[in-house]
Amino acid sequence: MSGWVKLWRKSLDSGLLQNHKLWAFWCWCLMKATHRSCKQMVGFQMVDLQPGQFVFGRKKASQELGMSEQSIRTCINHLKKLKNIATESTNKYTIITIINWDTYQQDQPTDQPTDQPTCQPAANQQLTTNKNVKKEEKNNTSSAYTDEFERFWQAYPRKIGKGAAFKSWKKLNGTRPSADELVRIVEQHKKSEQWRRDGGQFIPHPQTWLNQERWNDELSVQVEAEDPDDLRNLVY
């Protein structure tokens, strides 16, 4: 593996250093996370990863860190309570997300080698080694947000990666539902058990939500109204 990550001095005040296993696991998570959007094959399924995410396996983590699987599980629970990480699991794999990755790990060079050899660049992301070009493209993108996208962005509860989300928005033009329909679905998803659990840690990044067409997900909605009209409005 190659490349680098940042360690902030505020970690000294977090208490992580006092628990050597927890500190080792936290640093391991930082080094495993991808620094750019990419796709990784897991079994026979292609998984979209956003910056700060990686596919996690407890057995592999145990082997690489020299810890028991129980210790790994304990570290994960502690870091989730500290809101350092969030996890999203399926019956085949788990994705760990470093919370606030964009805040603490931004400005990494675009030509930095990926830490996962099976990770391939996302089709809709153009990589460049010229930082000035990348910043210029970012500025041009931010000034071209459409009104429909802005409505979706305002409704979506997790404000991460606006520029990347807008690229996916444009790529899906003609195949995604209308802005009105997406806003309606997002409002419904906000009421779901999955999105409300643990303070919203399981809400996917907006680009991931769009790329994976998650508007088709059937989530368990927590109904707060007793009006029959309101109940009918919750039907997808």
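The values are calculated or read from the model by the stated rules, or taken from the named source; none is laboratory data. This structure is a prediction, so every number in the text was calculated from the model and none was measured. With ideal geometry, Cβ positions are generated from the backbone for all residues, glycine too; neighbour counts draw on all protein chains shown.
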- Hits in the stretch 51-89 - residues which are in contact with a strand residue (DSSP E or B) (Cβ under 9 Å, 6 or more places away or on another chain) and polar (S, T, N, Q): Gln53, Asn84, Thr87, Ser89
- In the stretch 53-66, how many residues are over 18 Å from the mean Cα position of the chain (by Cα) and surrounded by fewer than 18 Cβ atoms within 10 Å (Cβ to Cβ)? 8
- Item | Qualifying positions in the stretch 146-158 - in contact (Cβ under 8 Å) with a residue 24 or more places away in the chain and outside any helix (DSSP H, G or I) | Tyr156, Pro157, Arg158
- Query: Among the residues of the stretch 89-102, is there at least one that is of a type in the set (Gly, Ala, Ser), surrounded by fewer than 20 Cβ atoms within 10 Å (Cβ to Cβ) and either in the same structural domain as Gly199 (by TED's automatic domain parsing) or at pLDDT below 95 (or both)?
  - Reply: yes
- Given the conditions (1) at pLDDT 85 or above; (2) under 22 Å from Gln40 (Cβ atoms), every one holds for Gln112 apart from (1)
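Please verify whether Asp180 is loosely packed, with under 14 Cβ neighbours inside 10 Å and of a type in the set (Asp, Glu), treating the condition exactly as stated.
On the way: loosely packed, with under 14 Cβ neighbours inside 10 Å: yes; of a type in the set (Asp, Glu): yes.
Yes.
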